[in-house]
Amino acid sequence: MSVKVQDKSSIAGWSHLIKNYLREVRKVSNEKKISEILDSFAGDLEANERFAVVAYKDGKPVGYLTGRPYGIVFETSSFYLLHEALEGATDVQLVDTLAQKAFNELGFHYFRQNIALPFEFSPTFLTDLKEKDFKVIERCEMSINPKQTEILEPTLPPTYSFELFRKEKAKEVIRLICEANEPGHPDLAIYPEMREMESIFRIFARLTEEFEALDVTLNPVIVKGKGLVGASIVLKDSPTEAYIAQASINPHHQKQGLGKALMYKIITECKNQGINRLLLAVTKNNFPAYKLYQKLGFKEIAQYLAIGKEKQK
């Protein structure tokens with residue numbers, strides 16, 4: 001049985017796969033909502049704001065993968081396969097085809113895909129991707145309830161102090177985040193934009209309404225003299241939930257307990273505001289960070305694979 005993968009600029013002929021994805025993966029049951037999402041999906045494809053490849057097995061659509069630009073990275077957004085598509089490594093063909101499209105037609109240098117686990121892959125999916133020079137790392141989402149957490153008073157070494165975030169310091173905060181992601185950092189294979197200051201500044205500016213939406217008490221910074229050496233970006237999603245998007249310490253000031261103190265401070269402020277769900281994501285082979293979060297009381301609530309590739313020069 002032959003499998004062919006095709007670019008698609010409309011959802012005609014394979015929209016039932018999108019409906020399956022919405023019902024089975026996204027758990028959307030409202031038919032009106034599904035119809036609205038399909039209309040938006042189709043509009044994005046026609047406007048070249050989203051791109052899709054579809055796998056056909058003996059002429060029948062059996063799976064698809066979509067993606068869109070995300071700063072300097074082309075990132076996938078939905079991935080769905082019928083069980084019969086697992087034969088013949090159809091999943092690998094979809095990923096590789098969309099990556100090549102991102103590189104050769106759309107001009108991107110980086111491709112990324114996050115896959116929530118569990119996910120049914122073909123038996124050789126990960127091995128085949130690695131042979132094609134894709135990087136694969138395990139990441140997890142972790143959670144803690146600050147209201148139920150006994151937190152020690154955050155203490156800093158002498159000459160260091162906490163200050164509140166100020167919008168005029170936004171670029172300095174982003175510069176610190178980039179500096180903390182030194183070459184060789186385990187996340188850079190998947191998140192290369194973490195070394196690109198302008199790109200990451202635009203991403204966080206968009207997420208925080210030009211940094212106006214950041215709660216200053218939930219985003220403490222650490223200073224030494226007049227220099228910024230530690231910072232965080234914590235997004236408050238609702239009155240009772242927040243997400244730590246970044247918590248970084250300048251590499252020249254690490255191994256002094258500043259990271260622990262910064263996390264203590266964030267958790268304490270969340271507790272003071274009545275937040276009962278504080279989330280973060282971490283690469284599991286980033287052992288110092290992962291172990292710190294465990295010691296602080298964070299528990300794994302979800303696992304996923306992060307897949308990345310850089311265009312060959």
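What pairs can you find where one residue is in the stretch 272-290 and over 14 Å from Ala306 (Cα atoms), the other is assigned to a loop (DSSP other than H, G, I, E, B), and their Cβ atoms are less than 6 Å apart, with a gap of 6+ or different chains?
As it stands, the answer is Ile275/Thr240; Asn276/Asn145; Asn276/Thr240; Tyr290/Lys284, since those pairs meet every condition given.
Is there any pair linking a residue in the stretch 75-86 that is free of Cβ contacts under 8 Å to residues at least 40 places away in the same chain to one that is among the hydroxyl-bearing types (Ser, Thr, Tyr), with Cβ under 7 Å and at least six apart or on different chains, and which?
Within 7 Å, the pairs are Thr76/Thr66; Ser77/Thr66; Leu81/Thr90; Leu86/Ser122.
Would you check which residues across the stretch 1-24 are part of a loop (DSSP other than H, G, I, E, B), free of Cβ contacts under 8 Å to residues at least 60 places away in the same chain and over 21 Å from Pro69 (Cβ atoms) and list them? Can you show your working first?
Taking the stretch 1-24 and keeping what is part of a loop (DSSP other than H, G, I, E, B), we get 1-2, 9-14.
Next, only the ones that are free of Cβ contacts under 8 Å to residues at least 60 places away in the same chain stay: 2, 9-14.
Ser2, Ala12, Gly13, Trp14, listed by residue number.
Tell me whether the stretch 76-94 contains one or more residues that are within 28 Å of Glu300 (Cβ to Cβ), surrounded by fewer than 18 Cβ atoms within 10 Å (Cβ to Cβ), under 15 Å from the mean Cα position of the chain (by Cα) and not aromatic (Phe, Trp, Tyr).
The answer is yes; a qualifying residue exists.
In the stretch 46-87, what count of residues is obtained for those that are farther than 28 Å from Ser2 by Cα, among the aliphatic types (A, V, I, L, M) and in a loop (DSSP other than H, G, I, E, B)?
Number satisfying all stated conditions: 2.
Pairs, please: C-beta under 6 Å, at least 6 apart or cross-chain, first residue in contact (Cβ under 8 Å) with a residue 12 or more places away in the chain and closer than 17 Å to Lys169 by Cβ and in the stretch 186-204, second among the hydrophobic types (A, V, I, L, M, F, W, C) and part of a helix (DSSP H, G or I)?
Pairs found: Met197/Ile174; Met197/Cys178; Ile200/Ile174; Phe201/Ile174.
Among the residues of the stretch 116-146, write down those that are touching a strand residue (DSSP E or B) at 6+ places or on another chain (Cβ under 9 Å), surrounded by fewer than 18 Cβ atoms within 10 Å (Cβ to Cβ) and in a helix (DSSP H, G or I).
Scanning the stretch 116-146 gives Leu126, Lys130.
Taking strands (runs of 3 or more DSSP E) that fall entirely within the stretch 213-267, which contain at least 2 residues that are of a type in the set (Gly, Ala, Ser) and touching a helix residue (DSSP H, G or I) at 6+ places or on another chain (Cβ under 9 Å)?
Correct list: 227-238, 241-249.
Out of the residues in the stretch 88-115 that are assigned to a helix (DSSP H, G or I) and without any contact (Cβ under 8 Å) to a residue 12 or more places away in the chain, which is nearest to Val54 (Cα to Cα)?
Checking each candidate, the answer is Gln100.
Can you pull out every residue in the stretch 243-269 that is farther than 18 Å from Gln294 by Cα and touching a strand residue (DSSP E or B) at 6+ places or on another chain (Cβ under 9 Å)?
Answer for the stretch 243-269, where residues must be farther than 18 Å from Gln294 by Cα and touching a strand residue (DSSP E or B) at 6+ places or on another chain (Cβ under 9 Å): Ile249, Asn250, His252, His253, Gln256, Glu269.
Just to be sure I understand the filter: pairs with C-beta atoms under 8 Å, separated by 6 or more residues or on different chains, first member in the stretch 148-161 and closer than 21 Å to Thr240 by Cα, second member at pLDDT 90 or above and part of a loop (DSSP other than H, G, I, E, B). Which pairs pass?
Gln148/Asn276; Thr149/Gly297
Quick check, is Lys265 of a type in the set (Lys, Arg), more than 30 Å from Asp133 (Cα to Cα) and crowded, with 20+ Cβ neighbours inside 10 Å?
Answer is yes for this residue.
The values are calculated or read from the model by the stated rules, or taken from the named source; none is laboratory data. Small disclaimer: the values here were computed from a predicted structure and weren't measured. In this analysis, Cβ positions are derived from the backbone assuming ideal geometry, glycine residues included, and neighbour counts consider all displayed protein chains.
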